[in-house]
Amino acid sequence: MGAFSGSFYSQSLGMNTRLAVIFPDESNDVTREIPGEPRVLYLLHGLSGNCEEWMRFSKIEYYAKKYNLTVVMPDAGRSFYCDLIGGPRYFTYVADELPALCAKWFRMDAARENTFIAGESMGGYGAVKLALRRPERFSAVASLSGVLDYPAMAGRVLRGEWTEMHPQELTALHGPDGVPVPEDNVLYLVRKLAERPDRPRLLQLCGTEDFLYEDNQTFRRAADGAGYGHVYREGPGEHAWPYWDRAIQQAIWFFLGLNEEAAVLY
């Protein structure tokens, strides 16, 4: 498997940042099922992770080769893929700067129909936000146990009800009150884009034992009520890698236009 891992200076972030990329080179260890030029999957990490977590905790290298995907995994810290108030612009970095750099440095296919985005937890939220705010760039998106009711999560953090995140982190992201603006709220975005003909295809996956299950139901109702036409799938699983490793395989099938319910899971 071809893989790149390194650091570079980001203009949007104003600092050096790390990036991991998987290239689906041909070899004898995996039988490729999808011919032609590789398509591109931007794969986002969760709150406590980094650009290497998908390579450490899932079989994404195997799936990349099997399904002929170049997988781009950026670092975004604990930013919730936001442009911070007076700080690094993580949304701008992943949405705009990084795709341009990948096209320039790695000659990746930048065509919308061949570009997808997905992530787990914070990354699931980030993927949906990026796709809905840049529908001209991403043709399909998948959220795996995503933080899809971000205002509700922010409220729990600000009230001290979820101690995995400090309230000051939210004020650094969103200003003194710590409340996200509408453009950082995917409930608002999914309603806003529901009638657009160019809206990205959207797959929502969540484990039934996930602590974010109810927040995912809130997003599901919002998307259904707006008539977005997204696909929702659930099954046994917690907020953990055993579930996400299965879910990303379903997401890949969805991206490729296959029946994700019939995905052969490895």
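Numbers below:
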{"item": "Sparse-neighbour loop sites [GluC sites (Glu not before Pro); the stretch 1-78; at most 12 other C-beta within 10 Å; DSSP]", "result": "26, 33"}
{"item": "Listed pairs 59/104; 59/192; 66/192 exceeding 32 Å between Cα atoms", "result": "59/192; 66/192"}
{"item": "Simple label model, 7 Å out from Cα along Cβ direction - residue 62 to residue 266, nm", "result": "0.5 nm"}
{"item": "The chain - mean residue ellipticity at 222 nm from DSSP helices (-39,500 (n - 2.57) per run, n ≥ 4, rounded to 500)", "result": "-9000 deg cm²/dmol"}
{"item": "Estimated FRET transfer efficiency when R0 is 45 angstrom, pair residue 34-residue 211 (beta carbons, to 0.05)", "result": "0.85"}
{"item": "Segment residue 48-residue 164, length gained on full extension (0.36 nm per residue, minus Cα span)", "result": "40.8 nm"}
{"item": "Kirkwood hydrodynamic radius of the stretch 52-95, from inverse mean 1/r over distinct Cα pairs, in Å", "result": "12.1 Å"}
{"item": "Expected-Rg normalisation [2.2 N^0.38 Å, Cα atoms] applied to the stretch 1-45", "result": "1.53"}
{"item": "Amide hydrogen neighbours beyond the local backbone of residue 142, cut-off 5 Å, H modeled", "result": "117, 118, 119, 203"}
{"item": "FRET E, pair residue 100, residue 18, Förster distance 25 Å, beta-carbon r, rounded to 0.05", "result": "0.90"}
{"item": "Unit charges at the beta carbon, dipole of the stretch 34-155: most positive-side option, 145, 50, 105", "result": "105"}
{"item": "Length-normalised contact order for the stretch 55-160 - Cα pairs under 8 Å, 6+ apart - percent", "result": "18 percent"}
{"item": "The stretch 72-178: equivalent-ellipsoid semi-axes (sqrt of 5 x gyration tensor eigenvalues, Cα, Å)", "result": "27, 15, 10"}
{"item": "Residue order for 59, 65 - accessible surface, 1.4 angstrom probe, largest first", "result": "59, 65"}
{"item": "Relative contact order, percent, the chain [alpha-carbon distance under 8 Å, six or more residues apart]", "result": "15 percent"}
{"item": "Amide hydrogen neighbours beyond the local backbone of residue 34, cut-off 5 Å, H modeled", "result": "68"}
{"item": "For the stretch 164-266, the spread of Cα positions along each principal axis, largest first, Å", "result": "48, 35, 20"}
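The values are calculated or read from the model by the stated rules, or taken from the named source; none is laboratory data. Nothing here was measured: the structure is a model prediction, and the numbers come from that model. Here Cβ is always computed from backbone atoms with ideal geometry, including for glycine, and neighbour counts include all displayed protein chains. Side chains are part of the model used for accessible areas, which takes the heavy atoms of the whole protein and leaves out ligands, DNA and RNA. Shrake-Rupley method; radii C 1.70, N 1.55, O 1.52, S 1.80 Å.
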